[in-house]
Amino acid sequence: MHFDDMFQVQLDQLREEGNYRIFAELQRQCGAFPKVINHHKEGTRDVTVWCSNDYLGMGQNPKVIDAMVRTVQNCGTGAGGTRNISGNAYHHKRLEEELADLHGKQNALLFTSGYVSNWAALSTLGARLPNAVILSDALNHASMIEGIRHARCRKVIWNHNDVEDLERKLAALPANATKIVAFESVYSMDGDIAPIREICDVADEYSAMTYIDEVHAVGMYGPRGGGVAEREGLMDRITLIEGTLGKAFGVVGGYITGSHALCDFIRSFASGFIFTTALPPAVAAAASTSVRHLKQISRERDMQKRQVARLRARLDAEGIPHVNNPSHIIPVMVKDPVKCRMLSDILMDQFDIYVQPINYPTVPKGTERLRFTPGPLHSDADIEYLVEALKTLWKQCAIARAVA
């Protein structure tokens, strides 16, 4: 069989299951977000984005843009290589200082993405610490799972957010095991939040390292945007805090924070850091500006909270089923992959609303949803228009409404 035929068989199966991903071609416009230009077969149109991870619109912040432009003009575009060879820029160190300060840690280490920071840190810890066992929450992100797989150490999966199950599994480990408890703060598909204090209590009891992924929380939670652990006053109890620059901070890149020894350990042994070209200095400068802004000013966070609450209230009023969670993520449940794709297409084609369907394997089969992330730049009129569109489609497509 020809290789392309092998590829096509599986692609066709994906389409039949309703899980084939179709990417819309979107062009962000400086100062216009959440409105973007959609390029399609018939030309272009303006659409409103409702599923961006630029949660606070910081990718459009004039101070952040200006910092990037000025640094490009001063330093050029790329970093020039890996940080070990030719890319250890002044701007990298300043950003790491900002991030360490944000999380109350001694040091920080930059990576090219949040995926890489999880993969590199977890794989290095698991591979190099003696008798390492990584205890991973059942719903951890693919990047954490990949890091654990590459660690090639023993792994134990504990039930999602189930502290009693975590304790049982910690208690069953040998006394000489180096235990690493890995979990997230905000889980991006259901929007639920980990019981961080209780996890720390159990980890402390069994002398386990705590590793938290705060990528969907940094910038948005806590008085300075340090995440859920900052909001709960628990940052000092977490061994390693991992985050991203590509969501609420509006740029790109990932990072870890922790003690000097921890960050130096990952810097010295993680192949995902050693052999990867560094972030461009302009990206680091823009990220530093964004982090500093959100440390000092809560305007974007406050407005986001208002718009999240407003959309939830309107969905409740119209009986549109959504997951009731304490975060900024609003999953509207469809529970059918074909209908989920269809709803997404109709919202785009008839209402100029862009929201991607979330289907298997991102979420389990039967839990397909549209995932909305209202931000401070969505107007009240945007929310009303979205809810009216959903109300119309729920009726047309005969999808079950929520029971009051």
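For residues that are open to solvent by 80 Å² or more (accessible area, probe 1.4 Å) and assigned to a loop (DSSP other than H, G, I, E, B), scanning just the stretch 123-140, find the one that is nearest to Ile274 (Cα to Cα). Within the stretch 123-140, the match that is nearest to Ile274 (Cα to Cα) is Pro130. In the stretch 222-246, the qualifying residues are those that are free of Cβ contacts under 8 Å to residues at least 24 places away in the same chain and within 20 Å of the chain's Cα centre (by Cα), and the one that is surrounded by the most Cβ atoms within 10 Å (Cβ to Cβ) is Gly222.
Looking at the structure I just gave you, is Gly18 under 30 Å from Arg306 (Cβ atoms), in contact (Cβ under 8 Å) with a residue 60 or more places away in the chain and open to solvent by less than 40 Å² (accessible area, probe 1.4 Å)? Judged against the criteria, Gly18 is not a match.
Please find, within the stretch 272-289, the residue that is least open to solvent (accessible area, probe 1.4 Å) out of those that are more than 15 Å from Leu95 (Cβ to Cβ) and of a type outside the set (Phe, Trp, Tyr). Among those that are more than 15 Å from Leu95 (Cβ to Cβ) and of a type outside the set (Phe, Trp, Tyr), it is Gly272.
Of the candidates Pro357, Pro374, the single residue that is in contact with a Ser or Thr (Cβ under 8 Å, 6 or more places away or on another chain), at negative phi and crowded, with 23+ Cβ neighbours inside 10 Å is Pro357.
Yes or no, residue by residue, for (1) acidic (Asp, Glu); (2) closer than 29 Å to Leu234 by Cα; (3) touching a Ser or Thr at 6+ places or on another chain (Cβ under 8 Å):
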{"position": "Pro62", "(1), (2), (3)": "no, no, no"}
{"position": "Gln73", "(1), (2), (3)": "no, no, no"}
{"position": "Gly81", "(1), (2), (3)": "no, no, yes"}
{"position": "Tyr90", "(1), (2), (3)": "no, no, no"}
{"position": "Glu96", "(1), (2), (3)": "yes, yes, no"}
{"position": "Asp101", "(1), (2), (3)": "yes, yes, no"}
{"position": "Lys105", "(1), (2), (3)": "no, yes, yes"}
{"position": "Ala108", "(1), (2), (3)": "no, yes, yes"}
{"position": "Thr112", "(1), (2), (3)": "no, yes, yes"}
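The C-beta contact set for the stretch 45-56 (first residue assigned to a loop (DSSP other than H, G, I, E, B), second residue among the aromatic types (Phe, Trp, Tyr), distance under 6 angstrom, 6+ apart or interchain) comprises Trp50/Phe372. Look at (1) out of contact with any helix residue (DSSP H, G or I) (no Cβ under 9 Å at 6 or more places or on another chain); (2) closer than 30 Å to Ser379 by Cβ; (3) open to solvent by less than 50 Å² (accessible area, probe 1.4 Å) and you find that Pro34 fails only one, number (1). With respect to being open to solvent by less than 70 Å² (accessible area, probe 1.4 Å), outside any helix (DSSP H, G or I) and free of Cβ contacts under 8 Å to residues at least 60 places away in the same chain, Thr367 fits the description. Inside the stretch 1-44, residues that are part of a helix (DSSP H, G or I) and farther than 27 Å from Gln350 by Cβ make up a count of 11. Beta carbons closer than 8 Å, at least 6 apart along the sequence or on distinct chains, pair a first residue in the stretch 98-112 that is part of a loop (DSSP other than H, G, I, E, B) with a second that is open to solvent by 40 Å² or more (accessible area, probe 1.4 Å) for Gly104/Asp236; Lys105/Ser259; Gln106/Ser259; Gln106/His260; Thr112/Val252; Thr112/Thr276; Thr112/Thr277. When Asp264 is tested against (1) open to solvent by 50 Å² or more (accessible area, probe 1.4 Å); (2) under 26 Å from Arg70 (Cα atoms), only condition (2) is not met. Screening the stretch 299-330 for residues that are of a type in the set (Gly, Ala, Ser) and within 17 Å of Pro374 (Cβ to Cβ) and picking the one that is nearest to the chain's Cα centre (by Cα) gives Ser327. Could you check the stretch 80-97 and list, in sequence order, the residues that are part of a loop (DSSP other than H, G, I, E, B), open to solvent by 40 Å² or more (accessible area, probe 1.4 Å) and of a type outside the set (Val, Ile, Thr)? Gly80, Asn84, Ser86, Asn88, listed by residue number. Inside the stretch 344-354, residues that are surrounded by 17 or more Cβ atoms within 10 Å (Cβ to Cβ) and more than 23 Å from the chain's Cα centre (by Cα) make up a count of 3.
The values are calculated or read from the model by the stated rules, or taken from the named source; none is laboratory data. These figures come from a predicted structure and were not determined experimentally. Virtual Cβ from ideal backbone geometry, glycine too; neighbours counted across all protein chains shown. Heads up: the accessible areas ignore ligands, DNA and RNA and are worked out on the full protein's heavy atoms, side chains in. Shrake-Rupley method; radii C 1.70, N 1.55, O 1.52, S 1.80 Å.
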